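The values are calculated or read from the model by the stated rules, or taken from the named source; none is laboratory data. Not measured: the values here are computed from a predicted model. Glycine also receives a Cβ, built like all others from the backbone with ideal geometry; neighbour counts cover every protein chain displayed. The area values use the complete protein model at the heavy-atom level, side chains included, leaving out ligands, DNA and RNA. Shrake-Rupley method; radii C 1.70, N 1.55, O 1.52, S 1.80 Å.
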Amino acid sequence: MTHAPRLPLAVGLPMAVASGLAIPVQGRINGALGARLGDGIAAAVVSFSTGLIVMVVVSLLAPRGRAGLARILPALRERRFPPYYALAGGIGAFFVFAQSFTVGLLGIALFTVATVTGQTLSGLLVDRLGIGPAGKKSVTGIRVIGCILTIAAVSWAVSPRFAGGAAGAAGASNSAAASAAAGGVADPAALLLPIILPVLAGFLMSFQQAMNGTATVHYGTPIAATLVNFIAGTCVLWLAWSIKVAVAGPANPLPAEWWYYLGGPMGCVFIGLGALLVRSLGVLVTGLGMIAGQLLGSLGLDLLAPTPGTVVEAATVLGTLLTLASIVVATLPWPRGAFRR
C-alpha cells in the first residue's frame, strides 16, 4: 500500500467542485449522442468504451499509470481489499441504465432530485461505516443539516423544470444526468416504481466512490482505479446492449463528428478525481462538492450555450448558490461531540 499525503480541505473541495463541472458537459454530449443513435444504452456503450481506450493509453504511457497497472493483479490476488471492489464500475453502468430507462418517464428534474437524495443519504452511511479510505466519520448534526440543505437546494434549482413537458424537455439536454429527452411529469402514483431506480442508482454512487478510493490507496494511483472502473462498466454495458440488440435490433450508425466521442474522456476526469479525493474529504463531502459543480456547470451551459427553449430562472441561480452554502455548512469546523448521533 502506498501512503500519498492527504489533501487539505481548502484544496480538495475546490477540486471536487471542478470535477463536477465535467458532468453536465458529458451529459450534454451523451444526450446528443443518444438522440443521434436513437438508443441511450448504445450511447452509454460508446461513452464507456472511449473512456476505456483513453485510460488504457494513459496507463501505458504515464509512469504512474504503468506502476499502478503492475499493482492491480497483486492487490486482487492478495485480497488487500474485498475483490468485489473491482466491480465498482458496474455501479456506473447501472446509473447510466437507470438514466436511460427513467429520464423519459420522470423528467430530468425529478430524476436529478431522486439521484441526489440517494447520493447524499448514502454518503452519510458510507462515511459512518468507514467503507472508504478516509475511515469512519461520525454522523453529526451539522453534516445532517448540510445534507438536508443540499437536497432542498437541488430541488429548488431544478424546480422550474417541473412545470411540464416543455420545460422538462428543454432542461434534459443540459442536465448532468441527461442522456435522453425528458418528458412531462405524470401522475405521482404512476411514478412510484420508476423513481425507485434513480434513488437506488444515486444511493449506490457513494459506495462506488468509496470502493474506487480504497482501490486507489492500494494501487497507488487513481489512474489504475479508473481503468478498472471503466473495464467493469464497459463489460456490463456491452452485455446489456447485446441483449437489447438481440431483442430490438441495432441503433443508428455512429456519427462522424468527433465531439460526440468526448463523453467518455470527461467521465475519466470525474471518476479519477473522485477516487483520489474520497481519501482526503470522505465520501459525503466529495459527493456534495461534485453536486455543486454539476449545478454550476449546468447553469454555465444554460447561460453560455443554451439549447432552444432554455430559460434561466431565479430559482435555478438561487438554488445553485444554496447548494454551495450547504457544502460550507457540512464542512464547517464544529466543537467535538456537538450534535453527535
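The label point for Ala256 and the one for Tyr84, both projected 7 Å from the Cα toward the Cβ, are 4.8 nm apart. With the simple spin-label model, which puts each label point 7 Å out from Cα in the Cβ direction, the Lys136 to Leu318 separation comes to 4.2 nm.
Need the full-extension length gain, Ser159 to Arg77, defined as separation in residues times 0.36 nm minus the C-alpha distance. One decimal, nm.
Answer, rounded to one decimal: 24.7 nm.
Peptide packing for 139-148, 7-16, 113-122 was compared via the average number of neighbouring C-beta atoms within 10 Å per residue; ordered from the highest value, the list is 113-122, 139-148, 7-16. Were the residues from Ala62 through Ala246 laid out at 0.36 nm apart, the gain over their Cα-Cα distance would be 62.3 nm. Counting only protein heavy atoms and a 1.4 Å probe, the range 1-99 has 47 square angstrom of accessible area per residue. Note on exposure: Glu313, Glu78 ranked by accessible area (1.4 Å probe, complete protein assembly) read Glu78, Glu313, with the most exposed listed first.
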